[in-house]
Amino acid sequence: MAGPADDREVAFDELFRVHYQRLVRLAALLGADDPEDVAQEAFARFYRKSHRLDDGNAAFDYLRSTVFNLTRNRLRHLRVSRRRRPPPPVDATPADQIAIVREDHRELLGALDRLPRKQRETLVLRYWLDLSEQQIAQMMGISAGTVKSHAHRGMKALKTRLGEQT
Amino acid sequence: MKTVEEQLRDALRSRAETFTSDPAAIVHVRRRVRRRRRRIAIGVIVPAAIAAAGIVPAATLMKGTGESGGGTVTAARPTPEAPRGNRPTLEEELKRHPPTSEIGVLTPSGRASGARLRAWFTDLEHGPGACIQQLDRSGAVSGGGCNPISRKYPTTLLWWRAQVDAEKPVSAYVGYADDRVASVTAELADGRRYPGSLLRAKGYLCQIWQVGTPMGKTVRSIVFKDERGAVVRRIRPPRSM
């Protein structure tokens, strides 16, 4: 007969199967240099607390927030390391960075990448994860009004840049 | 016509689809969990055992001199450079994206430079796709993924790599091209030109191309010509590349 530990393993596997790829993609869209590493770390951290998170929605909220925070920390860490290191001699782009782009979306995604970090994060959470302003505010640790302002400024900047290019 | 909001949704969905995940990822997560449990166990059991045996005073353990028992415990803590997720192997990627064509290998020849690539065609969620993997010197996968084929743009740039490998100061541009294309050339801002290479294999829906350029140099455009030398398409890589 399966015990509580087995049930927990099965539930964890199921959660992993359903959400892993989506969380890898979230980390990638937020700019993580190794999205799989971020998503795996989020699941490893979740595993230790999973007995406290029986509700499926709470589990996904926890994983989503962890991915968001780990990506932010990782980007912050990279920024600080780059500042301490002398500038690279030839190319400022990390050697292992690989960019996959589709022709008809390239200009828009290029403009998105050039937005300030918080505006970019807001737009990814709003238009890819379809989160409400309230949910975004909770995840980013800011007020709903500030989320609204980031989203408005971000969209305005995208429209301006696209308008300039057409 | 689509609003910018709708275009942004499409663009994010499209970009997200290009990120694939390692099918063996659950194994890596379990390994992490086990590793963490071991660290906790070492952190609790080792100092307790050493203290109980009276080998070193408890104060030394807490200080952690580097050579003492305390140093051993310190070294077992996680470091900022935790192990990264592995790239999918050929077998894993083939299982996820079964080929509908032969699997070709594109190695730059003659004057051309660039990366060593492996490519095949597959069926993705919304239509056909091209899977392109970059291989390192040992033949292991070091990057790439599967991308949908656009009907609107039969010749296009898919991705770019700033440096082909740690020892080679070459950047590589990679994409697919329609059957009319007979040559691909990168034109630099300073006027220099670099020839690229094309690959076609049985079952390919179009050709796979790549062109290598000196690392750090701005590429003004990538030019595709047919057999008669007429320009089929000219792509200007985004400034971020």
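The values are calculated or read from the model by the stated rules, or taken from the named source; none is laboratory data. Here the structure is a predicted model, which means the values were calculated and not measured. No Cβ is skipped: glycine too gets one built from the backbone with ideal geometry, and neighbour counts run over all protein chains shown.
Among the residues of the range B:113-163, those identified as more than 22 Å from A:P35 (Cβ to Cβ) and hydroxyl-bearing (S, T, Y) are B:S113, B:S138, B:S150, B:Y153, B:T155, B:T156. Where helices (runs of 4 or more DSSP H) fall entirely within the range A:1-116, those with at least 2 residues that are modelled with pLDDT of 80 or more and of a type in the set (S, T, Y) are at A:56-84. Applying the set (1) in contact with an Asp or Glu (Cβ under 8 Å, 6 or more places away or on another chain); (2) closer than 28 Å to B:E92 by Cα to B:A177 leaves exactly one unmet item: (1).
This table checks each residue for (1) among the small types (G, A, S); (2) assigned to a loop (DSSP other than H, G, I, E, B); (3) more than 23 Å from A:A28 (Cα to Cα).
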{"residue": "B:G139", "(1), (2), (3)": "yes, yes, yes"}
{"residue": "B:S142", "(1), (2), (3)": "yes, no, no"}
{"residue": "B:C146", "(1), (2), (3)": "no, no, no"}
{"residue": "B:R151", "(1), (2), (3)": "no, yes, yes"}
{"residue": "B:L157", "(1), (2), (3)": "no, no, no"}
{"residue": "B:W160", "(1), (2), (3)": "no, no, no"}
{"residue": "B:Y173", "(1), (2), (3)": "no, no, no"}
{"residue": "B:D190", "(1), (2), (3)": "no, yes, yes"}
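Residues in the range B:149-185 that are touching a helix residue (DSSP H, G or I) at 6+ places or on another chain (Cβ under 9 Å) and basic (K, R): B:K152 only.
So, of the residues in the range B:123-177 that are surrounded by fewer than 24 Cβ atoms within 10 Å (Cβ to Cβ) and among the basic types (K, R), which turns out to be nearest to the other protein chains (Cβ to nearest Cβ)? Checking each candidate, the answer is B:K152. Per the listing B:A82, B:A76, B:A140, the residue uniquely within 15 Å of the chain's Cα centre (by Cα), among the hydrophobic types (A, V, I, L, M, F, W, C) and modelled with pLDDT under 85 is B:A140. In this structure, A:S132 does not satisfy being at pLDDT below 90 and either among the small types (G, A, S) or within 13 Å of the chain's Cα centre (by Cα) (or both).
For the range B:102-137, filtering for residues that are outside any strand (DSSP E or B) and not hydrophobic (A, V, I, L, M, F, W, C) leaves 12.
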